1. With the condition kept exactly as written, say whether any residue in segment A:102-118 is part of a helix (DSSP H, G or I), among the basic types (Lys, Arg), more than 21 Å from B:Leu396 (Cα to Cα) and within 14 Å of another protein chain (Cβ to nearest Cβ).
2. Pick from segment B:108-150 the residues that are over 30 Å from B:Lys201 (Cβ atoms) and without any contact (Cβ under 8 Å) to a residue 40 or more places away in the chain: which of them is surrounded by the fewest Cβ atoms within 10 Å (Cβ to Cβ)?
3. Out of everything in segment B:369-396 that is within 14 Å of chain A (Cβ to nearest Cβ) and of a type in the set (Val, Ile, Thr), what residue ends up being surrounded by the most Cβ atoms within 10 Å (Cβ to Cβ)?
4. For the condition buried (at least 16 other Cβ atoms within 10 Å of the Cβ) and within 26 Å of the chain's Cα centre (by Cα), what is the one hit in B:Arg264, B:Arg257?
5. B:Ile439 versus (1) farther than 20 Å from B:Ser366 by Cα; (2) surrounded by fewer than 23 Cβ atoms within 10 Å (Cβ to Cβ); (3) modelled with pLDDT of 90 or more: which is the lone unmet condition?
6. Can you tell me which residues in segment B:417-444 are in contact with a helix residue (DSSP H, G or I) (Cβ under 9 Å, 6 or more places away or on another chain), of a type outside the set (S, T, N, Q) and in a helix (DSSP H, G or I)?
7. Which residues, counting only those in segment B:417-441, are charged (D, E, K, R) and at the interface with another protein chain (Cβ under 7 Å from one of its Cβ atoms)?
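The values are calculated or read from the model by the stated rules, or taken from the named source; none is laboratory data. Since the model is a prediction, treat every value here as computed from it, not as a measurement. No Cβ is skipped: glycine too gets one built from the backbone with ideal geometry, and neighbour counts run over all protein chains shown.
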Amino acid sequence: MALLRSYSNASSGMGVADHCRDTFLELQRKKTHRYVIFKIDEKRKEVIVEKTGGAAESYDDFLACLPENDCRYAVYDFDFVTQENCQKSKIFFIAWSPSVSRIRAKMLYATTKQRFRREMDGVHYEIQATEPSELDIEVLRDRAN
Amino acid sequence: MYGGDEVSAIVIDLGSHTCKAGYAGEDAPKAVFPSVVGSIEQQEVVNGTKFEKESESMSDLKGGLKGLDSEKAKTKRKLYVGSQALGFRRDHMEVISPFQDGVVADWDIVDNIWAHAFKDRLLIDPMEHPMLLAEPTSNAPQQRERMAEILFENYKVPALFVAKNAVLTSFASGRATSLVVDSGGGSTTVAPVQDGYVLQKGVATSPIGGEFLTECMMKSLESKGIIFKPRYSFKRKEARPGDFQTIDLDFPNTTERYKLYSQRLIASDIKECVCRAPDTPYDESAYANIPMTPYELPDGQIIEIGADRFKIPDILFNPSLVQTIPGMENFIDSSPVRGLPQMVIESINKCDVDIRRELFSSILLSGGTASMQQLKERLEKDLMEESPQAARVKVLASGNATERRFSVWIGGSILASLGSFQQMWFSKGEYEEHGASYIQRKCP
């Protein structure tokens, strides 16, 4: 019952593959990835890892990996220096749902988000974006400060 | 768990103005018909001649209504559902709605509307198809239990799911968090949605919807001397090629409500054809000299519509304008009504500070009235002027008119067709084991 109650009003019922959580923990604890991109595999009825980016990759490399007309989830480890010259790192969860993608994809990702998000324990900020301008690096900097 | 992969589900969105029904997985509802029905009170002692007349007019009807007739035999009124049955004028036929103040008050009518959708329009056996129903955002728990009861008991549906209008719209646009502005026929509802839940404390509603605007349009044109002749009240004959003659017909037994219903159909079409939200608040003097747009009424009369094209839609933004429309002056006195931008801002301000920013930047339009030309641009402009500086206002609407008008239905259609969704249904077995209240758990 506890499980049922945590679903939103309408949920896709999609599952989450075990390796999603493991890969996220690698990003969070071991810092081996700069970002992880997840996608929904409809045949397997679960969310899977699509791609990971090495620690040396930049934010632009990450953006280039998001498809223009399909939805994805992603986590990005954002390193920055505060005004007090202090090195900090915050983890962003991004729900990428470009307005030009098919409604079916938007529906699928939106109805699965809450279930998937529960697995990503330790995310600091969340962004839902429907166009590239909402993912500008300034938006991240703004939120993190 | 209900394993219903192989048969397609049926999706129904019963709005205050129109009922949308169709098969899950399709991109538009197959059946779209009025949510109001015609009703004739049946007298206990049937007068011989009158009875004959009635049965005569019944046989005129296409066979479609037969299924309903047998079911309705037990009650004392006869209901006529669907555009066709309602479009046919009958003596003493009233036009009634199942809704009162946005919630279902008469379940018998809803029952008949469903029956019409299943049997006459979609031609399906409800026992074989799971049903996904969209419900008004502020529906009470008792309402959904009642809905479940009727569908499981009377229709023996194998499985059911109920999703809120605002949630379906939000998801269909790819957002789990958004502010949904749903302007439909009977009312306008502004609802904040966070992670797929409606934040009830922030829900704002106003009675100004499409029907109200239609009423204003009609009153305003009537005050200028235009007479709306309902379609049933005349015949047009082509005397010579290209030359039409209108012959008035007299039906003294037509009810006032039916006449009004028929006139509103015309006014509503005028509204949909010519209206456009003005870019700035409506100003009587600035619009005094705008060019007139011609419109041909069903009886051949050509009328010209000027400032009303802009004035009527502006009522959504500035309800006090109704006071300048003859016959509508008393509307505001009864209850204070806010304009659309104020409703949006009030609704957002009732939500947690943390999500306000997000809500301002994901305002979604849905419903027939929100599909009005230039409405999106105007709302965005007004909100930018009135919202806090830091907020980044963004009003989103699908560019496709069908998608905008049916966003709720489309959301339901996709949800119900997802392979992974099949485990989410509230099944007949679960209903029998746990009762109707279990729906609150299955469809929170």
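1. If we filter segment A:102-118 for residues that are part of a helix (DSSP H, G or I), which is where we start, we get A:103-117.
Retained after the next criterion (residues that are among the basic types (Lys, Arg)): A:104, A:106, A:113, A:115, A:117.
Among the residues that remain, those that are also more than 21 Å from B:Leu396 (Cα to Cα) are: A:115, A:117.
Among the residues that remain, those that are also within 14 Å of another protein chain (Cβ to nearest Cβ) are: A:115, A:117.
Among the residues of segment A:102-118, at least one is part of a helix (DSSP H, G or I), among the basic types (Lys, Arg), more than 21 Å from B:Leu396 (Cα to Cα) and within 14 Å of another protein chain (Cβ to nearest Cβ), which makes the answer yes.
2. Going through the qualifying residues, I end up with B:Leu123.
3. B:Val395
4. The match here is B:Arg264.
5. Going through the list (1) farther than 20 Å from B:Ser366 by Cα; (2) surrounded by fewer than 23 Cβ atoms within 10 Å (Cβ to Cβ); (3) modelled with pLDDT of 90 or more, B:Ile439 breaks only (2).
6. Within segment B:417-444, B:Phe421, B:Met424, B:Lys428, B:Glu430, B:Tyr431, B:Glu432, B:His434, B:Ala436, B:Tyr438, B:Ile439, B:Arg441, B:Lys442 qualify.
7. Step one: list which residues in segment B:417-441 are charged (D, E, K, R), which gives B:428, B:430, B:432-433, B:441.
Passing the criteria: only B:Arg441.
To keep it simple, each residue is scored yes or no on (1) under 26 Å from the mean Cα position of the chain (by Cα); (2) within 30 Å of A:Val16 (Cβ to Cβ).
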position	(1), (2)
B:Ser361	no, yes
B:Lys381	no, no
B:Glu403	yes, yes
B:Lys428	no, yes
B:Lys442	no, yes
